[in-house]
Structures are given as C-alpha cells and as structure tokens.
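> Sharing a structure with you now.
The values are calculated or read from the model by the stated rules, or taken from the named source; none is laboratory data. Just so it is clear, the structure is predicted and the values come from calculations on it, not from any experiment. Don't worry about glycine lacking a Cβ; one is built from the backbone with ideal geometry, like all the others, and counts go over all protein chains shown. Side chains included, ligands, DNA and RNA excluded: accessible areas come from the protein's heavy atoms. Shrake-Rupley method; radii C 1.70, N 1.55, O 1.52, S 1.80 Å.
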Amino acid sequence: MFFDDQKFLERLGQGIRAERKRHGLTQEELATSAGIHKNYVGLIERGMKAPTIITMQKICSVFGMSLNEFFAQNDM
C-alpha cells in the first residue's frame, strides 16, 4: 500500500481545523493555549507543515483528548 504524505497532512490539518471549530476556538486561541505560533497552526491546518508528535500532543490537550482519541475520531 502506498502512503501519500501530502494527503495525510491535509487530512490531519482538516481534522485539527474541525476540532478547533467544534471547540469554538480561533487559530490564535488554539496557538496560545498549545504554546505554538498562530501562523504555525494555519500552516498545519492547510497541510503545509507536519507537526511533531509533541506539538500534536499539545494541540490534543487543548481539545481535552488524547492522541489516540484524535486519530480514532478522524479515521487516521
């Protein structure tokens, strides 16, 4: 099976955007709460940057979920 990195990053970004909106957060609010730069959040959401596992943990923490929960909810 061929793994398409770009498609994965796009799906990851879409999942983060959906969770952020579900929680009523702006990119800036998510970034501040996760301790990352707001521009970085935008790049991740657009599938232009691959977040580290640590960054994903911080983002998931803001959403009140584990990495496992995030990936399971987003069929990844």
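> How large a share of the accessible area of the chain, in percent, is made up of carbon and sulfur atoms when the probe is 1.4 Å and the other protein chains stay in place?
About 53 percent, which is the carbon plus sulfur part of the accessible surface.
> Express in nm, to one decimal, how much length is gained between Lys21 and Lys49 on full extension, taking 0.36 nm for each residue of separation and deducting their alpha carbon distance.
Numbers: separation 28, 0.36 × 28 = 10.08 nm, distance 1.95 nm.
Net length gain for the segment: 8.1 nm.
> Moving to a separate point now. Could you pull out the chymotrypsin sites (Phe, Trp or Tyr not before Pro) across the stretch 10-76 that fall in loop regions by DSSP (anything but H, G, I, E, B) with no more than 12 other Cβ atoms inside 10 Å?
Sparse-neighbourhood loop chymotrypsin sites (Phe, Trp or Tyr not before Pro): none present.
> Leaving out ligands and nucleic acids, and using a 1.4 Å probe, what accessible area per residue does the chain come to in Å²?
Accessible area per residue: 63 Å².
> I've got another one for you. Given H placed on each backbone N at 1.01 Å, which residues far from Gly47 in sequence or on other chains put an amide H within less than 5 Å of it?
Here Gly13 satisfy the definition.
> Counting alpha carbon pairs within less than 8 Å and at least 6 residues apart, what relative contact order, in whole percent, applies to the chain? Before the final figure, lay out the partial values.
Values: 62 pairs, mean separation 24.9, N = 76.
Across the chain, relative contact order equals 33 percent.
> Could you work out the Kirkwood radius for the chain, taking every pair of different alpha carbons, averaging 1/r and inverting it, reported in Å?
Answer for the chain: a Kirkwood hydrodynamic radius of 12.3 Å.
> Only helical DSSP H runs with n ≥ 4 go in: add -39500 (n - 2.57) per run for the chain, normalise by residue count and round the 222 nm mean residue ellipticity to 500 deg cm²/dmol.
Per the formula, -20500 deg cm²/dmol.
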